[in-house]
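What follows is one structure encoded as structure tokens, with my remarks underneath.
Just so it is clear, none of the values below were taken in a lab; they were calculated from the coordinates. Worth saying up front: this structure is predicted, and the values here are computed from it rather than measured. Backbone-built Cβ (ideal geometry, glycine too); neighbour counts: all protein chains shown.
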Amino acid sequence: MATKKEIFSTVSGAVAKLCETNKINSKFQEALQAIIADNLAPKAGGATVNIEDVTKSKDGKITEIQCSVSGVFLPATADFFYEDKAGKGINGLKRLSRQAESIRKSHIKVLAATEKAIMADVLDGAMTPEAGKAKLEKAKAVKPDYSGVTATLSKEEK
């Protein structure tokens, strides 16, 4: 299997040769090579931790992590964040908080139920297909409300 660098250089060389053979305008060649570079050039891999995403204590230990979905700073414990079994997370924790994931899953369930109800109404003739599409678009436009993500745990979460 070819590496990303090998694929990039092969495609880039082939396009250059093709442009040269067919006497393609140099501005067009540059634009084409730029498109190839933007889409195929190998990027620097690996996740990095932005220093703004964590809060450290005076002794250097990470005390809070910013949830990647809600943007709320939460205590850096397994009560608030999922454990990263691969060990690549911050202090062994993923940046996705348990509360935000719960809200996201609930939102998905509500959206699925809404879609099912709209589809049933359209099939029963209680709603026109156009009205159903409009309601479906409106329902899909609603985003999850992550304002419920807080640094305190409810009794169910403990």
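Data table
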quantity: Segment 64-94: trypsin sites (Lys or Arg not before Pro) in DSSP loop, at most 16 other beta carbons within 10 Å; calculated: K85, K88
quantity: For segment 58-71, Karplus couplings with θ = phi - 60° (6.51, -1.76, 1.60), whole Hz, Gly/Pro x; calculated: 4, 8, x, 7, 6, 9, 9, 10, 7, 4, 5, 9, 8, x
quantity: Karplus 3J(HN,Hα) series, Hz, for segment 125-141 with 6.51 cos²θ - 1.76 cosθ + 1.60 (x for Gly, Pro); calculated: x, 6, 8, 6, x, 5, 5, x, 4, 5, 5, 5, 4, 5, 5, 6, 6
quantity: Cα gyration tensor shape for the chain, rounded if a/c is under 1.5, else prolate or oblate; calculated: oblate
quantity: Inter-label distance for T128 and E6, nm, one decimal - labels placed 7 Å from Cα along Cα-to-Cβ; calculated: 5.9
quantity: Listed residues I90, I36, I103, most fluctuating in the chain (Gaussian network, C-alpha, under 10 Å); calculated: I36
quantity: 5 angstrom amide H check on A76, placed H, neighbours 5+ away; calculated: E64, I65
quantity: Whichever lysines have a C-alpha closer than 16 Å to that of K27, once near sequence neighbours (fewer than 8 apart) are set aside; calculated: K17
quantity: Sequence-separation-based contact order of segment 101-148, relative, with Cα cut under 8 Å and 6+ spacing, percent; calculated: 49
quantity: Rounded Å value of the spacing that divides the Cα centres of segment 53-97 and segment 103-158; calculated: 29
quantity: Karplus 3J(HN,Hα) series, Hz, for segment 94-99 with 6.51 cos²θ - 1.76 cosθ + 1.60 (x for Gly, Pro); calculated: 6, 7, 8, 7, 5, 5
